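What follows is a single structure, written as structure tokens, with notes after it.
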Amino acid sequence: MKQISCVIRPEKLDAVTEALNKEHVVGMTVSDVRGFGRQKGKVEHYRGDAYTIRFIQKVKIDIVVQDQDEEKVMTAISEAARTGNVGDGKIFITSVSNAMRIRTGEKGTSAL
């Protein structure tokens with residue numbers, strides 16, 4: 001199993017969710033997060049004064065999929081979230097050794 005975590009623009013959440021539904025992803029966790037990458041924030045202007053916003057609003061999505069679905073889910077996320085501009089986000093993949101559904105006690109891929 002693989003855990004896919006992606007950090008995307010908030011306005012792309014609906015498009016990514018639709019793309020994941022088309023790939024039959026059955027569950028996800030969505031969190032509002034703030035941070036910065038290479039751009040180190042952004043400069044805004046208000047009433048003639050410039051100030052830097054260091055932490056930019058983003059959305060983090062966490063999902064766990066079977067190994068064979070990793071590539072197609074990653075492709076679906078990247079195509080739905082891409083604008084071509086700096087700040088589109090990142091996708092991280094980590095291995096999951098086990099999972100358990102608390103309600104039934106199912107373990108492994110059947111717990112997904």
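The values are calculated or read from the model by the stated rules, or taken from the named source; none is laboratory data. Quick caveat, the model's predicted, so the values are computed rather than measured. Methodologically, a virtual Cβ is constructed for each residue, glycine included, from the backbone with ideal geometry; neighbour enumeration extends over all protein chains shown.
For this structure, a couple of remarks:
- Residues that are in contact with a helix residue (DSSP H, G or I) (Cβ under 9 Å, 6 or more places away or on another chain) and within 30 Å of Gly41 (Cα to Cα), drawn from region 76-112: Ala76, Ile77, Glu79, Ala80, Ala81, Arg82, Thr83, Asp88, Gly89, Ile91, Ile93
- Test: residue in region 43-66 that is free of Cβ contacts under 8 Å to residues at least 40 places away in the same chain, within 19 Å of Val16 (Cβ to Cβ) and part of a helix (DSSP H, G or I): no
- Just one residue in the set Gln66, Gln3 is in contact with a helix residue (DSSP H, G or I) (Cβ under 7 Å, 6 or more places away or on another chain) and either surrounded by fewer than 10 Cβ atoms within 10 Å (Cβ to Cβ) or within 22 Å of Leu112 (Cβ to Cβ) (or both); that residue is Gln66.
- Restricting Gly41, Gly89, Gly37, Gly48 to those that are touching a Cys at 6+ places or on another chain (Cβ under 7 Å) and either under 16 Å from Ile4 (Cβ atoms) or at pLDDT below 95 (or both) reduces the list to Gly89.
- Condition met for Ser78 (free of Cβ contacts under 8 Å to residues at least 40 places away in the same chain, small (Gly, Ala, Ser) and either under 29 Å from Leu112 (Cβ atoms) or surrounded by 13 or more Cβ atoms within 10 Å (Cβ to Cβ) (or both)): yes
- Options Ser78, Ser97, Ser110; residue that is farther than 13 Å from Ser5 by Cα, in a helix (DSSP H, G or I) and either modelled with pLDDT of 90 or more or of a type outside the set (A, V, I, L, M) (or both): Ser110
- Candidates in region 81-112 are the residues that are among the hydrophobic types (A, V, I, L, M, F, W, C) and free of Cβ contacts under 8 Å to residues at least 40 places away in the same chain; of these, the one that is surrounded by the most Cβ atoms within 10 Å (Cβ to Cβ) is Ala111.
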